[in-house]
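Working notes, structure below.
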Amino acid sequence: MENKIYDKHIFVCNNERKNNERRSCGDQHGLELVAAFKKQLNDKKLPLQIRAQKCGCLGICDFGPTIAIYPEGTFYVNVQLEDVPEIIEQDIIQNKKVERLLLKKNG
């Protein structure tokens, strides 16, 4: 089996809480976000090794649908489907953060 080294690895939270007392990313279009990232990245045919995949809880579902991009360890919160092209263009292609979606350390 071949090991791949990714230039960027996008993790999209798909946690689903059973008790519905708190928000969960999976209930807020997590799978749709994964599909949108995969499709748009594939359509762009970038000269980078990039993987977008669903993951378990990132621990901050209360902030809305969350993604983490590595190797930088950038966390974006309250990500909506319409944000995907901007994240790809700015973060993945230009290596610039999408400030309005960044998880803030103090609130």
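Details
- Using distinct alpha-carbon pairs, which all enter the 1/r mean, Kirkwood radius of the range 8-101 in Å: 13.2 Å
- Fraction of antiparallel bridges per DSSP, the range 8-101 only, in percent to nearest 5: 55 percent
- For the range 56-107, the list of GluC sites (Glu not before Pro) that fall in a loop by DSSP and count at most 16 other C-beta atoms within 10 angstrom reads GLU72.
- Radius 12 Å from Cβ of VAL79, net charge of other residues (Lys, Arg +1; Asp, Glu -1): -4
- Shown here for the range 28-107: trypsin sites (Lys or Arg not before Pro) in loop regions (DSSP other than H, G, I, E, B) with at most 10 other Cβ atoms within 10 Å, namely LYS45, LYS96, LYS104, LYS105.
Quick note: the coordinates plus some simple rules give every number you see, no bench work behind them. These figures come from a predicted structure and were not determined experimentally. Backbone-built Cβ (ideal geometry, glycine too); neighbour counts: all protein chains shown.
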